[in-house]
Amino acid sequence: MAGGQERILRRRIKSVQATRKITKAMELIAASQISRSQARIVANRPYRNGMKRIIIEAAKGDPAAAKRLLAPPEKVDAALVVVVTGDRGLSGAYNSSVMRAGERLVTSLRAEGASVRLFAVGKKAAAFYRFRGMEVEESFVGIADKPTFADARAVASTIAAPFIDGEVQQVLLVSTRFVSAGSQVVEVEQLLPLSMPDVPINDEPKKLEGYTEFEPEVEQLLFFLAPRALESEIFTALLEGAASFHTSQQRAMAAATENADELGQTLSRIMNRARQDSITTEIMEIVGGAEALRSGK
Amino acid sequence: MATLKVEIVTPEAALWVGEAQALIARSSDGDFTILPEHTATVGDIVPGIVRVETSEGEVAFAVHGGYFQVETSLSEGWTNVTVLAGVAEKTTDIDVARAEASKGRAEAALGASARGESDDTPAHLVAQAALERAELRLRAATR
């Protein structure tokens, strides 16, 4: 019956509109988080750059110790992989693209004969990897949205322990880099041994005169600096991951809202036609009935 | 006269950036003062108070451990000091009531764990560190 169809359509339109309200709200929330998390990346930059400068200075002061701490490993028997994802879904391809990159990395490491231990930031990774037969040893949950430096410290101390004990020779980080508001890229970075000195630190190279003094001796200094540098790297990755997550979620929710708009429009058009149809049918019936009565007279 | 530019930064924010006459702090080798034209240096900072002397008076910071770097160019006449600290705050920003409360909590936790025999359990170490931070904050705020 035509009237029944109209009622069903009305119900569907209502449900689409309710969903649209939710996606719109999520879009606005994510948008407000973007600027905040971007500001945190900017605020973190002086610390990160300062840490790099100090490490490089210390590495220049004692190349032998630096080589032990910073040189790439000769042979990797066991590696540790950290994947930075979000705690929540509904964020487009943000989670899946990091996790897929992590999966590829693990597969290629295993193909080279290394054993891999897997750690994750975010709630989503454990289920994803279990389904693919990889076990996540530990997930850090509840820190992906608004990471604090203390969170970064906790992650750093957990993943540094196997490296310090010699159980793994390499620690790799898979995370999303926030290049700009329009572009976020999934990158694999070697965390340990620290790979910092290869990174260009400053646009204009400052020329420093003379030699550098160290307090305490440089070897000791480097030994204590390395964990701080690791914390700093992880914190930056967490901040950029959070910003990328919010950006990605905002984009996904904007698309969902637009989609809901379109669907609602299509549905109400169909509904209007159905209503018009039923009215036309009704008029035809009345006219037909009147005609029949008149001709019957 | 060469200038001395001081930067005190934490991972969350740059706490203070500006021109200064001197920076006074303590490394594991002892107290030190950085003046303009100080030679290039890299070192650590033990938990304590870092003082910056500016033309408008002194600014002090409670720094809970960190590192510093001095860069100098004699020909261009500048000296930069960067203090990197995981946790640090300006002494005037310290919430004394909160520091008192966390000191009380840490002492209570230490008292509880002192009844057990071992003193290197994670909980004990955490409480110890919290107590040291709270005491430094109070010392810095009530200087």
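Specify the residue that is farthest from the chain's Cα centre (by Cα); the eligible residues are those in segment A:102-116 that are over 18 Å from residue A:186 (Cα atoms) and of a type in the set (Gly, Ala, Ser). Looking at the filtered set, the residue picked out is A:113. Scanning segment B:14-27 for residues that are surrounded by 14 or more Cβ atoms within 10 Å (Cβ to Cβ) and either under 23 Å from residue A:39 (Cβ atoms) or not basic (Lys, Arg) (or both) gives B:14, B:15, B:16, B:18, B:20, B:21, B:22, B:23, B:24, B:25, B:27. Annotation: residue A:137 fulfils all but one of (1) free of Cβ contacts under 8 Å to residues at least 24 places away in the same chain; (2) of a type outside the set (A, V, I, L, M); (3) part of a loop (DSSP other than H, G, I, E, B); (4) touching a strand residue (DSSP E or B) at 6+ places or on another chain (Cβ under 7 Å); the unmet one is (3).
Which one is farthest from residue A:152 (Cα to Cα) among residues in segment A:54-84 that are touching a strand residue (DSSP E or B) at 6+ places or on another chain (Cβ under 6 Å) and at pLDDT 85 or above? Within segment A:54-84, the match that is farthest from residue A:152 (Cα to Cα) is A:78.
Looking at (1) touching a Ser or Thr at 6+ places or on another chain (Cβ under 9 Å); (2) under 30 Å from residue A:26 (Cα atoms), find the lone condition where residue A:227 falls short. Every listed condition holds for residue A:227 apart from (2).
Can you say whether residue A:75 is closer than 23 Å to residue A:172 by Cα and not in a helix (DSSP H, G or I), as far as the supplied structure shows?
Values: closer than 23 Å to residue A:172 by Cα: yes; not in a helix (DSSP H, G or I): yes.
Yes; evaluated as a whole, the condition is true for this residue.
If the condition is being free of Cβ contacts under 8 Å to residues at least 12 places away in the same chain and closer than 21 Å to residue A:260 by Cβ, then segment A:1-55 contributes A:7, A:8, A:11, A:14, A:15, A:18, A:21, A:22, A:25, A:28, A:29, A:32.
Cβ separations smaller than 6 Å between residues 6+ apart or across chains give the following pairs from segment A:168-180 residues that are free of Cβ contacts under 8 Å to residues at least 40 places away in the same chain to residues that are open to solvent by 30 Å² or more (accessible area, probe 1.4 Å): A:179/A:185.
Condition first: basic (Lys, Arg) and assigned to a strand (DSSP E or B). Can you find one or more residues in segment B:93-113 that meet it? It would help to see each step written out before you state the result.
Of segment B:93-113, the ones basic (Lys, Arg) are B:98, B:103, B:105.
Retained after the next criterion (residues that are assigned to a strand (DSSP E or B)): none.
The answer is no; no qualifying residue exists.
Return yes when residue A:190 is more than 14 Å from chain B (Cβ to nearest Cβ), modelled with pLDDT of 85 or more, outside any loop (DSSP other than H, G, I, E, B) and surrounded by fewer than 19 Cβ atoms within 10 Å (Cβ to Cβ) and no when it is not. In short, yes. Taking (1) more than 25 Å from residue A:224 (Cβ to Cβ); (2) outside the structural domain of residue B:16 (by TED's automatic domain parsing); (3) among the β-branched types (Val, Ile, Thr) in turn, residue B:121 satisfies each apart from (1). In the set B:20, B:60, only one residue is under 27 Å from residue B:131 (Cα atoms) and either touching a Lys or Arg at 6+ places or on another chain (Cβ under 8 Å) or free of Cβ contacts under 8 Å to residues at least 60 places away in the same chain (or both); that residue is B:60. Of all residues in segment A:266-297, those being closer than 25 Å to residue A:14 by Cβ and either among the aliphatic types (A, V, I, L, M) or under 48 Å from the mean Cα position of the chain (by Cα) (or both) number 11. Tallying residues that are open to solvent by 50 Å² or more (accessible area, probe 1.4 Å) and acidic (Asp, Glu) within segment A:146-181 yields 2. Examine segment A:24-33 for a residue that is in a loop (DSSP other than H, G, I, E, B) and at pLDDT below 95, and state whether such a residue exists. Checked against the condition, which is being in a loop (DSSP other than H, G, I, E, B) and at pLDDT below 95, segment A:24-33 yields no hits at all. The set of residues in segment A:45-60 that are at the interface with chain B (Cβ under 7 Å from one of its Cβ atoms) and not β-branched (Val, Ile, Thr) comprises A:46, A:47, A:50, A:51, A:53, A:57, A:58. Screening segment B:1-91 for strands (runs of 3 or more DSSP E) wholly inside it with 1 or more residues that are more than 9 Å from chain A (Cβ to nearest Cβ) returns the ranges B:3-9, B:14-20, B:22-27, B:30-34, B:41-45, B:48-54, B:57-63, B:78-85, B:88-90.
This table checks each residue for (1) out of contact with any His (no Cβ under 8 Å at 6 or more places or on another chain); (2) surrounded by 16 or more Cβ atoms within 10 Å (Cβ to Cβ).
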{"site": "A:8", "(1), (2)": "yes, no"}
{"site": "A:20", "(1), (2)": "yes, yes"}
{"site": "A:23", "(1), (2)": "yes, yes"}
{"site": "A:37", "(1), (2)": "no, yes"}
{"site": "A:40", "(1), (2)": "yes, yes"}
{"site": "A:48", "(1), (2)": "yes, yes"}
{"site": "A:58", "(1), (2)": "yes, yes"}
{"site": "A:76", "(1), (2)": "yes, yes"}
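Selection of first residues in segment B:78-90 that are open to solvent by less than 10 Å² (accessible area, probe 1.4 Å) and of second residues that are hydroxyl-bearing (Ser, Thr, Tyr) and modelled with pLDDT of 90 or more, restricted to Cβ pairs under 7 Å at least 6 apart or on distinct chains, gives the following pairs, ordered by first then second residue: B:84/A:47; B:84/B:67; B:85/B:10.
Results for (1) of a type outside the set (Phe, Trp, Tyr); (2) open to solvent by 40 Å² or more (accessible area, probe 1.4 Å); (3) without any contact (Cβ under 8 Å) to a residue 40 or more places away in the chain; (4) part of a helix (DSSP H, G or I), shown as yes or no for each residue.
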position	(1), (2), (3), (4)
A:237	yes, no, no, yes
A:241	yes, no, no, yes
A:248	yes, no, no, yes
A:257	yes, no, no, yes
A:277	yes, yes, no, yes
A:283	yes, yes, yes, yes
A:287	yes, yes, yes, yes
A:294	yes, yes, yes, yes
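The values are calculated or read from the model by the stated rules, or taken from the named source; none is laboratory data. Everything numeric here is computed off the predicted structure, so don't read it as measured data. Methodologically, a virtual Cβ is constructed for each residue, glycine included, from the backbone with ideal geometry; neighbour enumeration extends over all protein chains shown. Remember, those area values only see protein heavy atoms, side chains included, never the ligands or the DNA or RNA. Shrake-Rupley method; radii C 1.70, N 1.55, O 1.52, S 1.80 Å.
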